[in-house]
Every structure is written in C-alpha cells, then in structure tokens.
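Beneath this line is the structure, given in structure tokens, with notes to follow.
The values are calculated or read from the model by the stated rules, or taken from the named source; none is laboratory data. Just so you know, these numbers come straight off a predicted model, no measurement behind them. So basically every Cβ, Gly included, is an ideal-geometry build from the backbone, and we count neighbours across all protein chains shown.
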Amino acid sequence: MVIVAIQTDPVTKNVLDTLRRLVSTAESGAALDVTLDDLETADDHGNTVLHYAARFGFCQTLRRVLTSPRVVSVPNRSGVTPLHVAADRGFHDDVEVLILCLCPVPPISRNRKAVETSILVQT
C-alpha cells in the first residue's frame, strides 16, 4: 500500500498515518484497534480518514470499522462526503460498502409479511 502526501501539514499527516495503520491492520486480518476519534479526525479541509480511504479505494478494506452512519456521512468543508469521493473515483465496491453502512438492509426472512411490515415501519 502506498499513500503519499506531498508537503502535508501535521494534521493531514496524522489522518494519513491513521489510514495507513487501519489498512495495514485490516489487510493482515488482525483485530482493528480503532476509536471514533480516529475516524473523525479531519485535516484543514475537513477530510477525515474515510475521505482519504474513499479517495484511495480502501473503504472495502475498512468495512469492519464502518459501523456508524454518522462517521460515513461526515461532509468536508466543501460539503463532500466519503460516498461522494468514492463515487467520483469510480470505486463501485466502496460505494456499495458506504451505502450499506448508511442504509442497512433488513434481514431476509422466510416470513415475507414480517419483512414488508418492517420496511413499511422504517420508511
């Protein structure tokens, strides 16, 4: 994995270091030690770790840490979310991961009536 940032400020360096650590740990299969602060730390432009993950195509790799719709839907200062970044870059698998985090699909049930009722209640 190569993530390079030229002339980065200390905050951006911290965000990218966090991304490197999370991707490396996720790819190794080890347990991810991540806090909400890790995911919410932003650079001077408001880009979080997930904005950079979406930029470089690592959302699929980080799917285990994407447990909060709040974290996934944080816009940067330009109003761009990680989902926008992934879609703009054409990372379809990452877009799917981010959408599923934002809108979890109700579990499949053999009782179709229960599923239909669940969907109606949620909307």
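If you check 24, 78 for being assigned to a helix (DSSP H, G or I), at pLDDT 80 or above and either small (Gly, Ala, Ser) or surrounded by 20 or more Cβ atoms within 10 Å (Cβ to Cβ) (or both), only one passes: 24. Pick from segment 36-61 the residues that are in a loop (DSSP other than H, G, I, E, B) and acidic (Asp, Glu): which of them is farthest from residue 72 (Cα to Cα)? Selected residue: 44.
Residues considered: 121, 115, 85. Of these, the only one that is modelled with pLDDT under 90 and surrounded by 14 or more Cβ atoms within 10 Å (Cβ to Cβ) is 115.
Regarding residue 54, is this residue more than 20 Å from residue 103 (Cα to Cα), out of contact with any Cys (no Cβ under 9 Å at 6 or more places or on another chain) and not β-branched (Val, Ile, Thr)? Taking the combined requirement at face value, the residue does not satisfy it.
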